[in-house]
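What follows is calculated from the coordinates using simple rules that are stated; it is not laboratory data. Note that the structure is a prediction, hence the values are computed from the model and not measured. Heads up, the Cβs are rebuilt from the backbone with ideal geometry, glycines too, and the neighbour counts pull from every protein chain shown.
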Ligand code: PAF
């Protein structure tokens, strides 16, 4: 099936308005492009659930800090179009920065207060404000009934769920399972920047999470011991620089530092050879 490329926000609004007038549901898959199998799983889920599937492809400058990798974030619109088309999306929305931020940094911002300042938010100030602002714009322009996000960005997913609830957005956020390579590496557009050596050492993230999960399943309920299991595995890799490893409530992201309850998720961020990777795992799963 042919996917339409739309670059103009008004054109997308007109397209979805016509579809909605004939009773169709709209599914949005927001992405920053350089699409991989993780994104494909979101698009396929949207295809199953919705009449019209819109995939947005936009490297959002406001979610990158001044010293982060906005300029070098990988981009390949042609390859994205091929993947989106093979998954049956109706529209690939590729706006410019000027389209989404007509006044530059002098913008209206959407911010989920406390949740955006912990975990990744602590080491990336302003990151989640950029995410929630751009996703609000995309939801508004696309009038999506459903929006699909991967659980790899677990904090992002939690924040977006909270945002639509707080703002009363008429859109349901759908979370989809994290997708891994066969050897356990979580799929990420940033993996392309890993050298062979760094990629090999990055496998310790998944191994570390598995060590913690095993300890949990053997009865360990002490947050610091669970964290130490993952930390020992990851810090044995010379290229790995741990930013955080935490255990938290899977719904609220309340962080546990002593005894953990029966339902718990471990989340971590690690720079491996200079590439920042995040990963997570339910320990009770
Ligand atoms: O997860 C991403 O790729 C981005 O944070 C998102 C949700 C597309 C917003 O730019």
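Results, tabulated for the structure shown:
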{"quantity": "Residue ranges of strands (runs of 3 or more DSSP E) in segment 83-177 with at least 2 members within 13 Å of the ligand (Cβ to nearest atom) and surrounded by fewer than 22 Cβ atoms within 10 Å (Cβ to Cβ)", "calculated": "172-176"}
{"quantity": "Answer from 237, 243, 201 - the residue that is within 21 Å of residue 178 (Cβ to Cβ) and part of a helix (DSSP H, G or I)", "calculated": "201"}
{"quantity": "Residue ID - farthest from residue 173 (Cα to Cα), chosen from residues in segment 36-53 that are assigned to a loop (DSSP other than H, G, I, E, B) and more than 14 Å from the ligand (Cβ to nearest atom)", "calculated": "51"}
{"quantity": "Pairs, first closer than 11 Å to residue 84 by Cα in segment 26-40, second within 9 Å of the ligand (Cβ to nearest atom) and part of a loop (DSSP other than H, G, I, E, B), C-beta under 7 Å, six or more apart", "calculated": "33/59"}
{"quantity": "Boolean, residue 80 is in a loop (DSSP other than H, G, I, E, B) and more than 15 Å from the chain's Cα centre (by Cα)", "calculated": "no"}
{"quantity": "Leading residue by the ranking (nearest to residue 176 (Cα to Cα)) among those in segment 54-67 that are within 15 Å of the ligand (Cβ to nearest atom) and free of Cβ contacts under 8 Å to residues at least 60 places away in the same chain", "calculated": "55"}
{"quantity": "Count of segment 1-29 residues which are under 24 Å from the mean Cα position of the chain (by Cα) and in a helix (DSSP H, G or I)", "calculated": "2"}
{"quantity": "Residues that are free of Cβ contacts under 8 Å to residues at least 24 places away in the same chain, more than 15 Å from the ligand (Cβ to nearest atom) and under 28 Å from residue 112 (Cα atoms), drawn from segment 68-82", "calculated": "71"}
{"quantity": "Residues satisfying the stated conditions in segment 251-283, i.e. in a loop (DSSP other than H, G, I, E, B), in contact with a strand residue (DSSP E or B) (Cβ under 7 Å, 6 or more places away or on another chain) and touching a residue at least 60 places away in the same chain (Cβ under 8 Å)", "calculated": "283"}
